[in-house]
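The values are calculated or read from the model by the stated rules, or taken from the named source; none is laboratory data. Given the structure is predicted, the values throughout are model-derived calculations rather than measurements. Please note: Cβ atoms are built from the backbone with ideal geometry, for glycine as well, and neighbour counts cover all protein chains shown. These area figures cover heavy atoms from the full protein model, side chains too; ligands, DNA and RNA do not enter into them. Shrake-Rupley method; radii C 1.70, N 1.55, O 1.52, S 1.80 Å.
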Amino acid sequence: MTSSTDPAGFRPPPYPYDRLVPLRAIAAQHDGGCVDLSIGTPSDPPPAAVVAALGASNLERSYPLSVGSEAFRRAACEWMQRRLDVAVDPQDVGACVGTKEFVAGLPHWLRLRSPQRDTVLYPAVSYPSYEMGAILAGARAVPVAMDAEWRIDLDSIDDADAARALCLWVNTPGNPAGGLDDLAAVAAWGRDHGVPVFSDECYVEFTWNGPRHTILEHGHDGVVAVHSLSKRSNLAGVRAGVFAGDRELVHYLREVRKHAGFMVPGPVQAAAEVAWADDQHVEEQRARYHGRLVRLREILAQLDIACALPGGGFYLWPEAPGGDAWALARRLAEDIGVLGSPGEFYGAAGAGHLRLAVVAPDAAIELAARRVAAR
Ligand SMILES: Cc1ncc(COP(=O)(O)O)c(C=O)c1O
C-alpha cells in the first residue's frame with residue numbers, strides 16, 4: 001500500500017508566530033486585552049487616496065503585467081530618486097506581490113540559473129524567510145555572523161561558502177535588531193566574490209541614525225535592492241513591492257517570475273503608484289513610530305528592562321535578563337499583557353533578546369503604560 005506522505009519528504013516546521021498562541025491567551029486576560037507587539041504588522045491607516053485608487057482603477061478584468069506596468073515601475077523609480085537619491089531605469093525594476101514571496105522564492109530561481117551553486121548566505125539574526133527560502137529550494141542556508149551592533153560581519157564568511165553562494169542577503173535597517181550595514185562594503189564584497197547581493201531595504205524610510213541608504217548608491221553591478229509598500233505606506237494587506245538593480249539579474253528574475261505566474265493585481269499596481277508618489281504620509285508614520293519607540297523604551301525602563309533605540313526600523317530589541325527571552329516574554333504577558341517575540345524566531349544568535357514591534361496604536365501602548373503604573 002502506498003502512502004500519500006513520504007516520511008523523508010519536507011515537513012514545514014511550526015510557523016514561529018503560531019508558537020505564541022499560549023502567551024497571547026495569557027496576555028488577553030488583562031482588562032483591555034492583549035497589547036500585541038509580536039508581529040510587525042502595521043495598524044495605522046494607509047493614505048485615503050491610495051485606498052480610493054484601489055477601487056477606481058478599472059483594471060479588474062484584464063491580466064496585469066507580471067513585471068509591473070510602466071507607470072507602477074516609474075512611480076517606484078521616482079520614489080527612489082526622491083527619497084534615496086539614486087537614478088533607476090524602469091526597465092531595471094520588477095514587481096513582486098509583497099516582498100516575502102520574493103525572499104522565499106529567490107533561492108529556487110537562482111538555483112535554476114546556477115545549478116552548480118547551492119548556498120544562501122544571510123544575516124544570522126534576521127527575518128526568517130531568508131533561511132526558509134533556502135530550505136524551500138533544497139539549498140544550504142548558511143547564517144553570517146553579526147557584530148556587536150547587529151551589522152553583518154563580512155569577514156566571517158568562509159571562502160568555501162562564498163564560492164558556493166547563490167546570493168548574499170542583507171537587511172538594513174535590520175529586522176529585528178535595527179542595525180545599519182555598511183552597504184558600500186557589502187556591494188564590494190559581492191563583486192569581489194562573484195556573489196549576487198540582495199539588499200532588503202523595506203525599512204529604509206524608518207532610518208533614525210543618519211540618512212537613508214540603498215545599496216544602489218554603489219552602482220548596480222551584481223546588486224539588487226528589494227522594497228515594499230507594506231511598512232512604508234501601511235499596505236501590508238495589499239501586497240506590493242519591487243526589486244531593482246543589476247539589469248541582467250533583474251531581467252532574469254522578471255522573466256522567470258512571468259512564467260511562474262507572479263502578478264501584482266492591476267488595482268494594486270494603480271494604488272501603489274499613488275502610494276509611491278506621496279511622502280507626506282510617510283513623514284507622519286515616521287513620527288508615530290519614533291514616538292512609540294521612545295515611549296515603549298520608557299515603559300520598559302520602569303520595569304528595569306533597558307534597551308537602546310534602534311538605528312532604524314520599528315522594533316525594540318531588549319536583552320532578556322539571564323538571556324532567557326521566553327521567560328521575559330512570559331513575564332510581560334503575565335504582568336502587563338504585552339506580547340513580544342522571543343529572539344530565537346530570528347536565529348539562534350538572537351535567543352537572548354525579545355523583539356517588540358511598535359506597530360500597535362498609541363492607545364495600546366498607553367494601556368501598557370497604565371498597567372505598569374498600576375502594578
Ligand atoms: C525584513 C523584512 N523583509 C521583508 C518583509 C516582508 O514584507 P512584505 O512581504 O509585506 O513586503 C518583512 C516583513 O515583516 C521584513 O521584516
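What number of residues within the range 91-111 are away from the ligand (no atom under 16 Å from the Cβ) and either buried (at least 19 other Cβ atoms within 10 Å of the Cβ) or closer than 23 Å to P128 by Cβ (or both)? Before you say what the answer is, go through the steps one by one.
Pass one, the range 91-111, residues away from the ligand (no atom under 16 Å from the Cβ): 91-92, 108-111.
Subset that is either buried (at least 19 other Cβ atoms within 10 Å of the Cβ) or closer than 23 Å to P128 by Cβ (or both): 92, 108-111.
The total comes to 5.
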Any hit, the range 227-238, residues being within 15 Å of the ligand (Cβ to nearest atom), among the β-branched types (V, I, T) and touching a strand residue (DSSP E or B) at 6+ places or on another chain (Cβ under 8 Å): no
Answer from G178, G174, G138 - the residue that is farther than 19 Å from A244 by Cβ and either open to solvent by 30 Å² or more (accessible area, probe 1.4 Å) or of a type in the set (A, V, I, L, M) (or both): G138
Residue count for the range 352-375, restricted to those that are without any contact (Cβ under 8 Å) to a residue 40 or more places away in the chain and either closer than 18 Å to P310 by Cα or in contact with a Pro (Cβ under 6 Å, 6 or more places away or on another chain) (or both): 2
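Name the residue that is farthest from A236 (Cα to Cα), counting only residues in the range 43-63 that are open to solvent by less than 30 Å² (accessible area, probe 1.4 Å) and of a type outside the set (S, T, Y). Explain how you work it out, then say what you get.
From the range 43-63, those open to solvent by less than 30 Å² (accessible area, probe 1.4 Å) are 44, 47, 50, 53, 57; that's our starting set.
Pick out the ones that are also of a type outside the set (S, T, Y) and you get 44, 47, 50, 53.
Working: D44: 11, P47: 13, V50: 13, A53: 16 Å.
Only one residue tops the list, namely A53.
If you take the residues in the range 330-375 that are farther than 18 Å from N175 by Cα and of a type in the set (G, A, S), which one is surrounded by the fewest Cβ atoms within 10 Å (Cβ to Cβ)? Break it down into steps so the answer makes sense when it comes.
Pass one, the range 330-375, residues farther than 18 Å from N175 by Cα: 330-338, 361-375.
Going one step further and asking which of them are of a type in the set (G, A, S), we end up with 333, 337, 363-364, 368-369, 373-374.
Numbers: A333: 25, G337: 23, A363: 9, A364: 21, A368: 23, A369: 17, A373: 10, A374: 7.
Checking each candidate, the answer is A374.
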Residue that is nearest to the chain's Cα centre (by Cα) [pool: residues in the range 207-226 that are within 16 Å of the ligand (Cβ to nearest atom) and surrounded by 22 or more Cβ atoms within 10 Å (Cβ to Cβ)]: V226
Residue list for the range 6-40, filter: open to solvent by less than 80 Å² (accessible area, probe 1.4 Å) and β-branched (V, I, T): I26, V35, I39
